[in-house]
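Shown next, in structure tokens, is the structure this report addresses.
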Amino acid sequence: MSSPSSRNAGGGAAVAQAPVLEVTDLVKHFPIRGGLVGRRPTGFVQAVNGVSVNVNRGQTVALVGESGCGKSTTARAILRLIEPTSGSVRLDGVDVLSLGPKELRKARRDMQIVFQDPYASLNPRMKIRQALTEKYELLGAEVTSRTIPDLLDTVGLADEYADRYPHEFSGGQRQRIGIARAIAMNPSSSCSTSRSRRWTCRSRRRSSTCWRTCRTSWA
Ligand SMILES: Nc1ncnc2c1ncn2[C@@H]1O[C@H](COP(=O)(O)OP(=O)(O)O)[C@@H](O)[C@H]1O
Ligand SMILES: [Mg+2]
């Protein structure tokens, strides 16, 4: 199985700072269990084998590789949506892999993921305003009358879209909503599981991101 390679863009201004995200020798092996429940693994899928990558603030890093080479697994393991087999992940110097459930929930504010299929992650009966507001409320943040319009504006959508349902959007617009949800809390790092369509935000930066560090880009 080939390994994903990382490609790096826009890091010129940020190289002097400590990396916001440091991933070292990340490994994820999935056990293969045949036959009866509870049987010992008969082998392992070596989905991720020793991935190391540093992301500086304001920098975008893309993991590139053929289908099945471990890109999504790498992203999920970094966010601990699945537990890595071994390796180290540090976000703003904090060892993410040693965090307990409560600390991990807090750290997740700073690590957001944009899913490949945004429609699957949106409640079809919830208007976008509510879906975005919920994100702030979950994290105990204040929502003013400008919060949602400003967030939509950041991903290039007009205010009026807030009162539409997910099925009323095109695929590209849903991707933007997925990105809006990911950057709502101004995370220090966000992760996309697919090549997002290029999109434009207020600062006219473009993103075809796998990782983007947000605080400097979106503040
Ligand atoms: N939950 C899982 N159990 C077993 N194997 C898995 C699991 N998730 C992914 N894999 C395997 O890990 C490998 C990498 O998958 P993935 O990270 O989704 O690839 P990519 O995103 O690069 O297309 C594939 O061989 C896939 O079949
Ligand atoms: Mg994938």
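Worth pointing out:
- Straight-line reach from K106: taking Cα to Cα under 16 Å and skipping same-chain neighbours fewer than 8 places apart, the lysines in range are K135.
- Charges were assigned to the Cβ only: +1 to each Lys and Arg, -1 to each Asp and Glu. The resulting dipole of region 57-152 about its Cα centre is roughly 180 debye.
- The chymotrypsin sites (Phe, Trp or Tyr not before Pro) found in region 111-173 include none that occupy coil by DSSP while having at most 15 further C-beta atoms within 10 Å.
- Residues in region 103-116 carry Karplus couplings, in order, of 5, 5, 4, 5, 5, 5, 4, 8, 9, 10, 10, 9, 6, 4 Hz; the curve used is 6.51 cos²θ - 1.76 cosθ + 1.60 with θ = phi - 60°, and Gly or Pro positions show x.
Every number here is computed from the coordinates shown, using simple stated rules; none is lab data. Since the structure is predicted, the reported quantities are computational estimates derived from the model, not experimental observations. Reconstructed Cβ throughout: ideal geometry from the backbone, glycine too, with neighbour counts over all protein chains shown.
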